[in-house]
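All remarks here apply to the structure that follows.
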Amino acid sequence: QARLVESGGGLVQPGGSLRLSCAAVGFTMDRWTIGWFRQAPGKQREGVACISNIDDNTYYADSVKGRFTVSRDNAKNTGYLQMNSLKPEDTGVYYCAIQVEGYVIGGVPTQMNPAEYGYWGQGTQVTVSS
């Protein structure tokens with residue numbers, strides 16, 4: 001079965017860092033945009049960052065710009081989300097997924113719609129607390 005597996009979450013103090021990994025199992029990730037989403041208790045799932053399959057174009061939510069970096073290593077069939085200067089409001093379950101519809105070939109991502117993504121991982125908990 002084709003699936004994504006997230007790892008790297010944990011408990012960290014404000015100002016700390018974590019790196020999340022998203023490994024593709026059963027399919028090749030290199031032709032797909034990889035998206036990262038998060039969901040805090042009582043809130044809607046929101047897009048955090050994504051990286052396209054062409055030219056490695058990236059998108060970041062305003063709330064994480066300058067602090068998070070999304071990347072991919074196609075040779076390892078894995079995507080990454082480097083999270084620095086973490087804040088309590090970054091707390092939530094983080095999911096990776098691939099964009100399966102609504103994409104523009106050769107375009108720069110300008111938004112993230114969860115309905116356009118599939119092959120969701122099971123999620124990894126990130127808790128930022130003192």
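Please indicate, with yes or no, whether at least one residue in segment 2-13 is open to solvent by 30 Å² or more (accessible area, probe 1.4 Å), without any contact (Cβ under 8 Å) to a residue 40 or more places away in the chain and either closer than 25 Å to SER129 by Cα or out of contact with any helix residue (DSSP H, G or I) (no Cβ under 9 Å at 6 or more places or on another chain) (or both). Checking segment 2-13: not a single residue is open to solvent by 30 Å² or more (accessible area, probe 1.4 Å), without any contact (Cβ under 8 Å) to a residue 40 or more places away in the chain and either closer than 25 Å to SER129 by Cα or out of contact with any helix residue (DSSP H, G or I) (no Cβ under 9 Å at 6 or more places or on another chain) (or both).
GLY16 meets all of the listed conditions (1) touching a residue at least 24 places away in the same chain (Cβ under 8 Å); (2) open to solvent by 60 Å² or more (accessible area, probe 1.4 Å); (3) on the phi < 0 side of the Ramachandran plot; (4) out of contact with any helix residue (DSSP H, G or I) (no Cβ under 7 Å at 6 or more places or on another chain) but one, namely (2).
If you check ARG45, ARG72, ARG38 for being touching a helix residue (DSSP H, G or I) at 6+ places or on another chain (Cβ under 8 Å), in contact (Cβ under 8 Å) with a residue 12 or more places away in the chain and open to solvent by less than 40 Å² (accessible area, probe 1.4 Å), only one passes: ARG38. How about segment 85-108: which of its residues are in contact (Cβ under 8 Å) with a residue 24 or more places away in the chain, assigned to a loop (DSSP other than H, G, I, E, B), farther than 19 Å from SER17 by Cβ and open to solvent by 30 Å² or more (accessible area, probe 1.4 Å)? Those that are in contact (Cβ under 8 Å) with a residue 24 or more places away in the chain, assigned to a loop (DSSP other than H, G, I, E, B), farther than 19 Å from SER17 by Cβ and open to solvent by 30 Å² or more (accessible area, probe 1.4 Å): VAL100, TYR103, ILE105, GLY106, VAL108.
The values are calculated or read from the model by the stated rules, or taken from the named source; none is laboratory data. If you're wondering where the values come from, they're calculated on a predicted model, not measured in any experiment. Because the Cβ atoms are built from the backbone with ideal geometry, glycine has one as well, and the counts that use them run over all protein chains shown. Just the protein is used for accessible areas: all its heavy atoms, side chains included, with ligands, DNA and RNA removed. Shrake-Rupley method; radii C 1.70, N 1.55, O 1.52, S 1.80 Å.
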